[in-house]
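A short worksheet on the structure shown next.
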Amino acid sequence: MPAVDTIARVKAVREYLTGLGLALLTILAVVVVAGVPAIGFFAVAFYFADNPLIAWVAGSVGRVLLVATVLVVTFLLFAGLLGLRMTARLFFVHDKRAIAAREELRARFQAEVDAAATVPVAPGQGVLRLIPVRPEWWHDPAFGEETTAVVTVGGAEHPLATWEPVDVAVSSGDTEVVAWLCRLDGGGGRRVSHTVTVPVGGIATLVYRPSSLPELAGKLEPLDHEPLGDISMFRLMLGAVALIATTYAVWQLATG
C-alpha cells in the first residue's frame, strides 16, 4: 500500500510539473506570436503619429493583441499553477438555463463514481470503473445508434454491451486502458489510451468520450464533471488585474 501511494504521488508531481512546463512553453509561444507583434503595432502607431488614420489603426490592432495576450497568458498561468479543474472553476460560468442540466449531469456522474463495486476483487487487486459518455452527448454518422465502446484493460478486450458504467477487477498499480468505437463500415474508430493507477481494494474511474468527428480521437481520462460552461471574460479580466497587481507589488518589494 505505501509503495502504491508513493508511486501515485510521484506520478501526480510528474503530471503537475509537465502541465506547468507545457503552460510556460505555451505562454512563451503566445508572447512571441501575439505580444511581440502588439509592440510592433504600437511602434508603427508612434512612427506614423502625424498620420491619424494609420496611427489609429495600428494602435487599435496593438491594443487588441496586447489585451488578448494578457488574457491568454493569465489563463495559461493559472492553469499551470492551479490545474485545469481549479482554473475552470475560477473562470468558467454556466448560463442560468443550463444550470439544471449541469447539476443533473454532475449528480449522475457522481452517483456512478460513488457506487459500490460490482465485481469481487482478490488480494492485491482493485477496480477500474469505465464510464462511457452516452450517445446523446455526441452525434456522428460514421457510428450507428447501437454503437457501443470496446476497451482493453491490461491487454484483455472488453466489449461494452451498454453505455452503463463497467467495473473490471485488475491488479493494483498502473494499468493501460485502450478504448475505441466500432464504425458502421466494420472498422474500428481511432483508439485512445490512458494509464491509470488503481489502488488496492479501491476504485479508479475513467471517462471515455467518443469523438464527434471520425478523424479526431476521443478522450479517456479521469472524471472532470463536464460540461465546463462558458468562459467569463469579467472573471478572466479580474484574474489578469490581480496577476498584474501581484507582479507589480513583488517587483516593488524586490527593487526596494
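The values are calculated or read from the model by the stated rules, or taken from the named source; none is laboratory data. Computed from a prediction, not measured in an experiment: that's the story for all the values here. With ideal geometry, Cβ positions are generated from the backbone for all residues, glycine too; neighbour counts draw on all protein chains shown. All accessible areas refer to the heavy atoms of the entire protein, side chains included, with ligands and DNA or RNA removed. Shrake-Rupley method; radii C 1.70, N 1.55, O 1.52, S 1.80 Å.
Of the residues A58, A38, A43, which is buried (at least 16 other Cβ atoms within 10 Å of the Cβ), out of contact with any strand residue (DSSP E or B) (no Cβ under 8 Å at 6 or more places or on another chain) and more than 20 Å from V241 (Cα to Cα)? Spell out how you get there, then give the answer.
Values: A38 fails: more than 20 Å from V241 (Cα to Cα); A43 fails: buried (at least 16 other Cβ atoms within 10 Å of the Cβ).
Residue meeting the stated conditions: A58.
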Residue pairs within 7 Å by beta carbon, gap of at least six or interchain, first lying in region 105-123 and in contact (Cβ under 8 Å) with a residue 40 or more places away in the chain, second surrounded by 12 or more Cβ atoms within 10 Å (Cβ to Cβ) and in a loop (DSSP other than H, G, I, E, B), listed first then second, are R106/H225; F109/L223; F109/H225; E112/P165; V113/L223; V121/G201
R97 vs (1) modelled with pLDDT under 75; (2) open to solvent by 70 Å² or more (accessible area, probe 1.4 Å); (3) not in a helix (DSSP H, G or I): all pass except (3)
Selection from region 157-170 of residues among the small types (G, A, S) and closer than 11 Å to V127 by Cβ yields A169
All conditions in (1) modelled with pLDDT of 75 or more; (2) open to solvent by 20 Å² or more (accessible area, probe 1.4 Å) are true of E136 except (1)
For region 61-71 the number of residues that are hydrophobic (A, V, I, L, M, F, W, C) and open to solvent by 60 Å² or more (accessible area, probe 1.4 Å) is 3
Those residues of region 154-183 which are touching a Ser or Thr at 6+ places or on another chain (Cβ under 6 Å) and modelled with pLDDT of 85 or more amount to D167, D174, E176, V178
Restricting region 46-55 to residues that are open to solvent by 70 Å² or more (accessible area, probe 1.4 Å) and of a type outside the set (A, V, I, L, M, F, W, C), the one nearest to A245 (Cα to Cα) turns out to be Y47
